[in-house]
Amino acid sequence: MTIHASRRDVLKGGGALVVSFSLAGALGEALAQGAKPLALTEVDSFLAIDAGGVVTLYSGKVDLGTGVATALPQMVADELDVPLDRVKLVQGDTALTPDQGTTWGSLSIQIGGMQLRNAAATAKAALLDEAAKRLGAKQNELKVVDGVVSAGNKRVSYGELVGGKSFALKLDHAKPAAGKDPKDYKLVGKPVPRVDIPDKVTGRFTYMQDFRVPGMLHGRVVRPPAIGATLESVDEASIKDVVGVVKVVREGNFLGVVAESEWGAIKAAEKLKASWSKSQTLPDAAKLWDEVRASKVAKDEVTSNVGNTADAMGQAGAKTLKATYDFAIHTHGSIGPSCAVAEFKDGKLTSWSASQATHNLRKQLATMFGMPADNVRCIYIEGSGCYGRNGHEDAAADAALLAKAVGRPVRVQWSRADEHGWDPKGPPTLVDLRAAVDGAGAVTAWESEFFIPQQTAGSFNVPLVAATLTGMPAGDDIAPGNIFQNSAIPYKLANVKTVCRRLATTPFRPSWIRTPGRMQNTYANECFIDELAAAANADPVEFRLKYLDPNDQRGIEVLNRAAALAKWDKRPSPRRDQRGDVVTGRGVAYCKYELARTYIAAVAEVEVKRSSGDIRVTKFYLAHDCGQIINPDGLRNQLDGNVIQTISRTLIEELKYDRSAVTSLDWASYPILRFPQIPELVYDLIDRPNERPWGAGEPSASVVPPAISNAVFDAIGVRLRSVPFTPDKVTAAMKGAA
């Protein structure tokens, strides 16, 4: 189960969440001073065992609906040999949980889980040492069942062993403690039911949008009609008839209302009359890619450079193939709009939000209000719909600003228009590719350029909208995430040069959105390798296998298993045997995530209706190797979400805007995939229990756009190089190829 603990709960004495263990008493002394250990090098930062044997985990990584609130306890319960139902989880609370980094990049298990496992193994070793002394037994005579250590007929529980002292043990995550042999796992690798689902399907789960505190007021922000507009005047008398209005808050270009009820805040925000300056700072949407290409380049980042591509391209008899791919601007499209609650009390700020980076948010709020970070506490409450840095941090800043203005707790619930219009965006990506092919069809050189926004060095803080509008300290960082990843290719060629042209600006405030960069870059690379296979009249799977590193057997295996799963018919693309309006095709794509971890290969089967340009993905096959699988059912959940969301992004989603602001402010103007459009999903989960676990929250999304694009080419012989693959683009491409 997941619990939201107060500092007071933790500070209570025996039988509370944290008890002591060692004679050093370090945790007890810390708690007496009102602090809990948070350092990544302390066992007590990660876990505690109470007198009843209940284990409490403290995780800086949070569950975004990803299932880690089940998987992390699975890992620790197995390591400690305790029942899963006796493990509790506290997550994303800056006063109680260590800063394990932002919950992103498919690192919750790979990094966060392994840190917890190390803490559990270290704690267990100390518990067994103490148990051996208590029971007068040797280590090899001890057995642990359900948190009880026995030797013959003598027994002692973990609860009896900890007995009022802290662990006071150091951790070295670079050299983790020896853990349990994978062959002895009882929970890891098993499809343990997710702990959150029963409450979610019965309406009992408390999402951030449901969260309340006593004495709370409700706030709404009146958004500028244009990005960059200046607030010129406000007529507070225009809402004199709205019941329950507490205050109109104007600070710089920030305008908000606070009311006793949520409906009162909504009506006041709708009726409040304000005048704003005109502003047209956005590029012409019809000329977006010209704008991207013409943008100032802050630096060129070479992500791979092998051999000499210029010489290879210039060789006599070499044929050069070129292509340009683009990937649209996307909004996060969270199903539940962002929400936060904030309270200033006794000079300290408490913020409740669905931020996936509460430790970073704490620093940003402290900077914004000019207060010590120690006086800010950020607490994670799971949001209804969050993947990537959406609007939750901005809602937290809105709520804090309004709470400070009225001196009471304030809840800010964003509207759908707020969410689509003001969350940070996944930036546009433009990719130029070139390859040289010899007379036998072999690839002799590969060059690519990725036009993507720069990333502010050392900072992943997306500026808070409220801070920017008020003129409070906000920073001007550009933080799209590590979007250079997978620009380099996984294929072994003699001459390769890949360059990211890091642009000084991008049209909207950027942030990371599921599989940032890895998806867009893999899309371009995997489509282009398919173009080279077609030019060589080669089977797309065999062509890829030809250029994969023969020493990378896991990559070769995952590609072969995806082909076997889909019953791949070996032949070149496209098909030449189809007539009629509706035609079918299949396409393959491969990715080694960040060229360092999780392997994925996919086959998409599609139907294309020539007369309308409609694409329907009918089946999607995926082979997935993330090393040790913690929970195969949870992994399938992640793959479902990855594939379905990315089909939506590939076929449908695209931000609409004019010169002033976003115009796709609802689901009608920013549609997403519907249930009847979901394909049959077929998986081959490759479990490697003796390997480290890698991430699964993002990697499989990277292969979806190229697999679909390649399948469409197989069906109609036309390349789709611009996401989303809307019907009008399909029909235009067919006409252009005719």
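The values are calculated or read from the model by the stated rules, or taken from the named source; none is laboratory data. Because the structure is predicted, anything quoted here is derived from the model rather than measured. When we count neighbours, we look across all protein chains shown, and the Cβ atoms used for this are built from the backbone with ideal geometry, even at glycine. In case anyone asks, the SASA skips ligands and DNA or RNA and just uses the protein heavy atoms, side chains included. Shrake-Rupley method; radii C 1.70, N 1.55, O 1.52, S 1.80 Å.
Inspect all residues belonging to segment 269-283 and state whether any of them is farther than 23 Å from Cys500 by Cα, within 28 Å of the chain's Cα centre (by Cα) and of a type in the set (A, V, I, L, M). Yes; the residues of segment 269-283 include at least one that is farther than 23 Å from Cys500 by Cα, within 28 Å of the chain's Cα centre (by Cα) and of a type in the set (A, V, I, L, M).
Entry remark, segment 56-66: residues being open to solvent by less than 10 Å² (accessible area, probe 1.4 Å) and in contact (Cβ under 8 Å) with a residue 60 or more places away in the chain number 3 in total. Selection of first residues in segment 589-602 that are open to solvent by less than 10 Å² (accessible area, probe 1.4 Å) and of second residues that are of a type in the set (S, T, N, Q), restricted to Cβ pairs under 6 Å at least 6 apart or on distinct chains, gives the following pairs, ordered by first then second residue: Cys591/Thr522; Cys591/Ser702; Ile600/Ser700. Suppose we keep only residues that are part of a loop (DSSP other than H, G, I, E, B) and touching an Asp or Glu at 6+ places or on another chain (Cβ under 9 Å) within segment 421-453. Which one would you say is nearest to Arg649 (Cα to Cα)? Looking at residues that are part of a loop (DSSP other than H, G, I, E, B) and touching an Asp or Glu at 6+ places or on another chain (Cβ under 9 Å), I get Pro428.
May I ask you to verify whether Asp666 is part of a helix (DSSP H, G or I), farther than 20 Å from Ala566 by Cα and open to solvent by 50 Å² or more (accessible area, probe 1.4 Å)? Full working, then the answer.
Details: part of a helix (DSSP H, G or I): no; farther than 20 Å from Ala566 by Cα: yes; open to solvent by 50 Å² or more (accessible area, probe 1.4 Å): yes.
It is false that Asp666 is part of a helix (DSSP H, G or I), farther than 20 Å from Ala566 by Cα and open to solvent by 50 Å² or more (accessible area, probe 1.4 Å).
Is there any pair linking a residue in segment 232-249 that is assigned by TED's automatic domain parsing to the domain that holds Arg220 to one that is hydroxyl-bearing (Ser, Thr, Tyr), with Cβ under 9 Å and at least six apart or on different chains, and which? Within 9 Å, the pairs are Glu232/Ser275; Glu232/Ser277; Ser233/Ser275; Val234/Ser275; Asp235/Ser275; Val243/Ser261; Gly244/Ser261.
Residue-wise test of (1) in a loop (DSSP other than H, G, I, E, B); (2) over 18 Å from the mean Cα position of the chain (by Cα); (3) not assigned by TED's automatic domain parsing to the domain that holds Asp640.
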residue	(1), (2), (3)
Pro73	no, yes, yes
Gln100	yes, no, yes
Gly113	no, no, yes
Leu116	no, yes, yes
Leu127	no, yes, yes
Val149	no, yes, yes
Gly159	no, yes, yes
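If the condition is being surrounded by 24 or more Cβ atoms within 10 Å (Cβ to Cβ) and charged (D, E, K, R), then segment 395-404 contributes only Asp398.
Flag: Ala467 matches the condition of being open to solvent by less than 20 Å² (accessible area, probe 1.4 Å), more than 30 Å from Ala310 (Cβ to Cβ), among the hydrophobic types (A, V, I, L, M, F, W, C) and not in a loop (DSSP other than H, G, I, E, B). Of all residues in segment 386-411, those being modelled with pLDDT of 95 or more, farther than 14 Å from Leu361 by Cα and not in a helix (DSSP H, G or I) number 5.
Residues of segment 82-90 include none that is within 30 Å of Gln645 (Cβ to Cβ), hydrophobic (A, V, I, L, M, F, W, C) and in a loop (DSSP other than H, G, I, E, B).
What number of residues in segment 135-147 are part of a helix (DSSP H, G or I), open to solvent by 80 Å² or more (accessible area, probe 1.4 Å) and modelled with pLDDT of 95 or more? Of the residues in that region, 1 qualify. What do you reckon, is Leu673 open to solvent by 20 Å² or more (accessible area, probe 1.4 Å) and either in contact (Cβ under 8 Å) with a residue 60 or more places away in the chain or over 19 Å from Arg616 (Cα atoms) (or both)? Spelling it out, it is not the case that Leu673 is open to solvent by 20 Å² or more (accessible area, probe 1.4 Å) and either in contact (Cβ under 8 Å) with a residue 60 or more places away in the chain or over 19 Å from Arg616 (Cα atoms) (or both).
In this structure, does Ala696 turn out to be surrounded by fewer than 18 Cβ atoms within 10 Å (Cβ to Cβ) and of a type in the set (A, V, I, L, M)?
Values: surrounded by fewer than 18 Cβ atoms within 10 Å (Cβ to Cβ): no; of a type in the set (A, V, I, L, M): yes.
The answer is no for Ala696.
Taking (1) in a strand (DSSP E or B); (2) open to solvent by 10 Å² or more (accessible area, probe 1.4 Å); (3) under 18 Å from Arg220 (Cβ atoms) in turn, Asp418 satisfies each apart from (1).
Please list, ordered by residue number, the helices (runs of 4 or more DSSP H) wholly in segment 288-385 having 1 or more residues that are in contact (Cβ under 8 Å) with a residue 60 or more places away in the chain and closer than 28 Å to Leu464 by Cα. Outline the logic, then answer.
Working: elements: 288-294, 309-313, 358-369.
Counting at least 1 such residues, we get 288-294, 358-369.
Here Thr646 meets each of (1) of a type in the set (S, T, N, Q); (2) in contact (Cβ under 8 Å) with a residue 24 or more places away in the chain; (3) open to solvent by 10 Å² or more (accessible area, probe 1.4 Å) with one exception, condition (3).
Among the residues of segment 33-61, write down those that are outside any strand (DSSP E or B) and of a type in the set (Val, Ile, Thr). If the condition is that a residue be outside any strand (DSSP E or B) and of a type in the set (Val, Ile, Thr), then Thr41, Val43, Val54 are the ones that fit. The set of residues in segment 526-537 that are open to solvent by 10 Å² or more (accessible area, probe 1.4 Å) and in contact with a helix residue (DSSP H, G or I) (Cβ under 8 Å, 6 or more places away or on another chain) comprises Ala534, Ala536.
Could you figure out which of (1) open to solvent by 20 Å² or more (accessible area, probe 1.4 Å); (2) in contact (Cβ under 8 Å) with a residue 40 or more places away in the chain; (3) of a type in the set (Ser, Thr, Tyr) isn't true of Ser611? With (1) open to solvent by 20 Å² or more (accessible area, probe 1.4 Å); (2) in contact (Cβ under 8 Å) with a residue 40 or more places away in the chain; (3) of a type in the set (Ser, Thr, Tyr) applied to Ser611, the lone miss is (2). If the condition is being in a strand (DSSP E or B) and open to solvent by less than 10 Å² (accessible area, probe 1.4 Å), then segment 614-628 contributes Val617, Phe620, Leu622, Ala623, His624, Asp625, Gly627. Residue check: His392 meets all listed conditions (1) open to solvent by 20 Å² or more (accessible area, probe 1.4 Å); (2) touching a residue at least 24 places away in the same chain (Cβ under 8 Å) but one, namely (1).
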